[in-house]
Amino acid sequence: MRVVVIGSGHAGFTAVNTFLKNEEDLEITMITEDPYPFYPRPIIYKIIRGEKPENVIRYPKKWYIDHNINLILNKRVTGIENKDNFVTIEDGAKLSYDKLLITTGSKPFIPPIPGIHDGPVYCLRSIDDALKIRKKALNCETKKATILGGGLLSVELAKALSEIGIAPTIIDRSPYLLRKQLDGEGGYFFNKILDKSLDTRFLFNSTCQKIQRNGEKMTIEIKDVIGVSKYKCEFLLNATGIQNDNSLANKAGLTLGKYAISVDPHMKTSMKNIYAAGDAVDIGSFPGSKFGIIPTAIDQARIAALNILGTEIQYPGTVPWTTLKVAGIDLTSIGDVTMESGVEEKGVVLDFDKGIYRKLFFKNQKLRGVILIGTRENLRSLKDLIMKKASFQEVKNELNLA
Ligand SMILES: Cc1cc2nc3c(=O)[nH]c(=O)nc-3n(C[C@H](O)[C@H](O)[C@H](O)COP(=O)(O)OP(=O)(O)OC[C@H]3O[C@@H](n4cnc5c(N)ncnc54)[C@H](O)[C@@H]3O)c2cc1C
């Protein structure tokens, strides 16, 4: 059977590995517009600090040759002709398939701020983006940068830039960092600890409402509760979120959900023999799962690959899971940590001296989320307890909580 995988990110790579583990008699082609084979995106910050691209690529080209995988780099797929079972590549070549897996991921979202497109805006998605950011940082006269957005990417960017002598300002309309991973108290705690180790200016509850460009130099206009203020800048980075590029799926006639490609629980698209997984998929129909994270991409890709191989298996959803170490601080957020009516906080530890914060979130007496800062204690067990929807008593017993 000929299988073509479009995309070489976390989803594409997981699918290829699943094929290798489960079936020997496959002709696998992996095609990507990236010039490099698979690399984990969370480590591309290292390139901003000076690491060479080859050092973040875990599986060099030889690995694909050894495993009999036809790896095509630096080529964009521009069309899918499902009636005749082939995809077209930008250079006009065709690739035939019996089964096709689309793992084309997502792209940075650029907010519609007046003036933003009148000059360079740096976004981090790929190795090449990281190389461009490093080049700009090394040539930045003022040694200052502005980062739009206060999520995971912004914090990691701020850390990497500070390490090469750039002082970042993070602008976010939220009152604290990592809105998707932390609650308000956790956000405040994280910021307090971060302040000690990271030379970054934070402008919270603030929106960038205009950018006036003069070549590379620009004036950033900020609106906050006090009013409007302006400051000069020559290095603008954007990390305000992601969006889907649905052009390929649209052109092929695939059914789209609200944001991306629509799939059934077998990760099958609306067209025969075509599957999709990862950021390219609309997550709307899978309650509890989160879009735009690696655990979702990996789980979906495994399910898609097994279904392609003929094993009927449904995607059960993904417990969101984020672990990072930034500025030496361990931070883990598992499951749903949003406060809404009926949610109770329990097992709270808040210790500034030791730099430890822990909070468990329960709804209808069932554990549904956990935040850990400055500790990784019981991490695995906590994930299992969330999946089991354990009661507080069960959590107390299993973890020996006071
Ligand atoms: C810097 C950074 C740090 C991150 N850190 C974390 C983290 O700590 N934890 C976490 O859970 N998530 C993190 N994420 C998000 C995570 O990386 C994504 O959710 C994940 O990469 C999605 O995997 P994917 O395979 O669906 O898509 P992607 O990894 O985006 O891969 C898409 C692939 O498709 C290719 N492609 C796209 N269109 C075409 C086309 N037409 N033709 C050919 N090839 C095409 C691309 O070149 C790429 O190879 C991070 C993201 C970034 C950018």
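The values are calculated or read from the model by the stated rules, or taken from the named source; none is laboratory data. Not measured: the values here are computed from a predicted model. Please note: Cβ atoms are built from the backbone with ideal geometry, for glycine as well, and neighbour counts cover all protein chains shown. For the accessible areas, the whole protein counts, side chains as well, though only heavy atoms, and no ligand, DNA or RNA atoms are used. Shrake-Rupley method; radii C 1.70, N 1.55, O 1.52, S 1.80 Å.
For residues in region 149-159 being crowded, with 24+ Cβ neighbours inside 10 Å and of a type in the set (A, V, I, L, M, F, W, C), which is farthest from the ligand (Cβ to nearest atom)? For region 149-159, the residue satisfying everything is ALA158.
Of all residues in region 345-358, those being out of contact with any strand residue (DSSP E or B) (no Cβ under 6 Å at 6 or more places or on another chain) and open to solvent by 50 Å² or more (accessible area, probe 1.4 Å) number 3. Among the residues of region 301-311, those that are touching a residue at least 12 places away in the same chain (Cβ under 8 Å) and either within 15 Å of the ligand (Cβ to nearest atom) or of a type outside the set (S, T, N, Q) (or both) comprise ALA301, ARG302, ILE303, ALA304, ALA305, LEU306, ILE308, LEU309. Among the residues examined, ILE293 qualifies as closer than 28 Å to LEU157 by Cα and open to solvent by less than 50 Å² (accessible area, probe 1.4 Å). Out of region 41-56, which residues are in contact (Cβ under 8 Å) with a residue 40 or more places away in the chain, under 17 Å from THR14 (Cβ atoms) and not basic (Lys, Arg)? Scanning region 41-56 gives a single hit, PRO42. There is no residue in region 48-68 that is surrounded by fewer than 19 Cβ atoms within 10 Å (Cβ to Cβ) and near the ligand (Cβ under 9 Å from one of its atoms).
The rows are residues; the columns are (1) in contact with an Asp or Glu (Cβ under 7 Å, 6 or more places away or on another chain); (2) within 12 Å of the ligand (Cβ to nearest atom); (3) outside any loop (DSSP other than H, G, I, E, B); (4) not assigned by TED's automatic domain parsing to the domain that holds GLY79.
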{"residue": "TYR259", "(1), (2), (3), (4)": "yes, no, no, no"}
{"residue": "VAL263", "(1), (2), (3), (4)": "no, no, no, no"}
{"residue": "MET271", "(1), (2), (3), (4)": "no, no, no, no"}
{"residue": "TYR275", "(1), (2), (3), (4)": "no, no, yes, no"}
{"residue": "SER285", "(1), (2), (3), (4)": "no, no, no, no"}
{"residue": "LYS290", "(1), (2), (3), (4)": "no, yes, no, no"}
{"residue": "THR296", "(1), (2), (3), (4)": "no, yes, yes, no"}
{"residue": "ASP299", "(1), (2), (3), (4)": "no, yes, yes, no"}
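So, in region 163-201, exactly how many residues are modelled with pLDDT of 90 or more and either over 22 Å from the mean Cα position of the chain (by Cα) or acidic (Asp, Glu) (or both)? Summing the residues that are modelled with pLDDT of 90 or more and either over 22 Å from the mean Cα position of the chain (by Cα) or acidic (Asp, Glu) (or both) in region 163-201 gives 12. Count of region 168-213 residues, restricted to those that are within 13 Å of ALA145 (Cα to Cα) and in contact with a helix residue (DSSP H, G or I) (Cβ under 8 Å, 6 or more places away or on another chain), is 5.
For PHE361, the conditions (1) within 16 Å of the ligand (Cβ to nearest atom); (2) closer than 30 Å to SER197 by Cα; (3) crowded, with 18+ Cβ neighbours inside 10 Å are fulfilled apart from (1). Each residue in region 91-126 was checked for being surrounded by 15 or more Cβ atoms within 10 Å (Cβ to Cβ) and within 10 Å of the ligand (Cβ to nearest atom), and 10 of them qualify.
For the criterion of being in the same structural domain as MET267 (by TED's automatic domain parsing), among the hydrophobic types (A, V, I, L, M, F, W, C), surrounded by 17 or more Cβ atoms within 10 Å (Cβ to Cβ) and within 9 Å of the ligand (Cβ to nearest atom), ILE80 fails. State whether one or more residues within region 333-344 are more than 15 Å from the chain's Cα centre (by Cα), surrounded by fewer than 22 Cβ atoms within 10 Å (Cβ to Cβ) and of a type in the set (Ser, Thr, Tyr). Looking through region 333-344, at least one residue is more than 15 Å from the chain's Cα centre (by Cα), surrounded by fewer than 22 Cβ atoms within 10 Å (Cβ to Cβ) and of a type in the set (Ser, Thr, Tyr). Residue pairs whose Cβ atoms lie under 7 Å apart, sitting 6 or more positions apart in sequence or on different chains, and linking a residue in region 99-120 that is within 15 Å of ILE242 (Cα to Cα) and in contact (Cβ under 8 Å) with a residue 12 or more places away in the chain to a partner that is in a loop (DSSP other than H, G, I, E, B) and more than 9 Å from the ligand (Cβ to nearest atom), are SER106/ASN244; PHE109/THR240; PHE109/GLY241; ILE110/VAL121; PRO111/THR240.
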